[in-house]
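Nothing in this text is a laboratory measurement; each read-out follows from the coordinates by a stated rule. Bear in mind that the values here come from a model prediction, so they are computed numbers and not experimental data. Note that we place each Cβ from the backbone using ideal geometry, even for glycine, and neighbour counts take in every protein chain shown.
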C-alpha cells in the first residue's frame with residue numbers, strides 16, 4: 001500500500017484509494033503515519049486531535065472514528081491495518097508498503113553524504129530522487145499543532161535539499177539549467193541566504209553579472225527591512241568576489257568556488273538559515289521551471305531527470321497481528 005504525506009494525504013492499494021470519512025479520521029491516520037508504525041497512546045491522540053474541539057467524551061469519539069476507519073480500510077481489503085494495544089493505536093506497516101516522507105529523508109541523507117564526499121553527480125541524482133516525492137504542501141489539509149510542527153520541519157528540509165541540488169549542479173557545470181529553479185526557490189523563501197548565494201553564483205557563471213549583483217542588493221534590502229540584519233559573511237564575501245571578478249568563481253573547468261554548509265544530518269541545525277516566509281499558495285514544483293528534460297550530468301548521458309513527482313517504490317514499516 002502507498003501512503004502519501006508530502007502533499008495531500010493519500011492511501012492507495014491495488015483495489016483503489018482508502019478514503020477516510022472526514023477531517024478527524026484523516027488527522028488520525030496522518031498522526032499514526034508520523035509515528036512510523038509505533039503505538040500512539042490514546043491520551044496523546046485525544047490531546048493532540050481533540051484539544052480544540054468541543055467534545056464531551058473525546059475517548060468515545062476516538063473509538064467511533066477508529067471504527068469508521070477500520071471499515072474504510074476493510075472496504076479496500078486492508079483489514080487489520082489499525083491495531084490497538086499497550087494503551088494506544090498504531091497503523092500496521094509491512095515490507096511491501098511505501099511511505100513517502102521517510103523515503104524522502106533517506107534520499108536527502110544519502111545525497112548529502114555524496115555531497116560531503118564531493119561526489120556531485122551522485123549527490124544531485126539522490127537529492128532529485130528524494131524531491132520527486134513531493135506533490136504539494138506537506139501534510140496538506142491536516143490541521144493541528146503536531147502537523148504544523150512536522151510540516152515546518154519537512155518543508156525546511158525540502159528547501160535545504162533544493163539548495164544542495166544547486167550546490168551539486170554548480171559543481172558539475174549546470175549553472176544555466178539551475179537559474180530558473182533557483183529564481184523560483186528565492187521567490188518562495190526570500191530570506192534564505194543559502195538560496196540567494198547559489199542564484200548569484202549561477203547567474204555569474206552564465207555571464208549575467210548585473211543580475212547577480214541585483215539579487216544581492218534585493219536580499220540586502222529585504223534582510224534589513226524584515227529582520228534588521230546585514231547579509232551573512234558568505235553572502236557578503238560572494239558579493240565582493242563577484243565585483244572583483246575573482247577567478248575562483250569560474251565553473252568546474254577551472255578553480256571552482258566551493259559552496260559551504262554541507263551536512264549529513266537531515267534535520268535542520270538549530271538557528272540555520274533565515275525564517276521562511278510561508279507561501280500563500282503552493283507554487284508548481286520548482287524543477288518544472290527549468291528547461292525541458294535537462295540532461296543528466298554524466299558524460300555522454302542523455303536521459304532526462306525523472307518527473308518531479310514520479311515516486312519510486314520503497315518500503316519501510318513494521319508488522320502487526322492483533323486488532324484492537
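Please work out the FRET efficiency for the pair residue 122 and residue 250, using the Cβ-Cβ distance as r and a Förster radius of 22 Å; give the result to the nearest 0.05.
Plugging the Cβ-Cβ distance into 1/(1 + (r/R0)^6) gives 0.40.
Going by C-beta contacts inside 10 Å, put 59, 46 in order with the fewest on the left.
59, 46
For labels at residue 230 and residue 210 in the simple 7 Å Cα→Cβ model, what's the distance in nm?
It is 2.8 nm.
Residue 222 versus residue 75, label points 7 Å from Cα toward the beta carbon: distance in nm?
The answer from the label model is 4.5 nm.
Give me the number: length gained by fully extending residue 36 to residue 63, i.e. 0.36 nm times residue separation minus the C-alpha to C-alpha distance, one decimal in nm.
Answer, rounded to one decimal: 7.6 nm.
What ranking of 145, 196, 81 emerges when the number of other C-beta atoms within 10 Å of each C-beta is taken as an exposure proxy, fewest first?
If I rank by nearby Cβ atoms, fewest first, I get 145, 81, 196.
Report relative contact order for segment 2-92 in percent, whole number only (criteria: Cα-Cα under 8 Å, sequence separation at least 6).
Worked out over segment 2-92, it gives 33 percent.
Grab the Cα-Cα distance for residue 148 and residue 2, subtract it from 0.36 nm times how many residues apart they are, and report the gain in nm with one decimal.
Once the chain is fully extended between residue 148 and residue 2, it gains 50.3 nm.
How would you classify segment 144-242 from its alpha-carbon gyration tensor, with a ≥ b ≥ c the square roots of the eigenvalues: rounded for a/c under 1.5, else prolate if a/b is greater than b/c, otherwise oblate?
oblate
Please report 122, 224, 56 as a ranked list, fewest other C-beta atoms within 10 angstrom at the top and most at the bottom.
Final ranking by Cβ density, sparse to dense: 56, 224, 122.
Can you pull the one-decimal nm distance between simple spin-label points at residue 140 and residue 109, each 7 Å off the Cα toward Cβ?
With each label placed 7 Å out from Cα toward Cβ, I get 2.7 nm.
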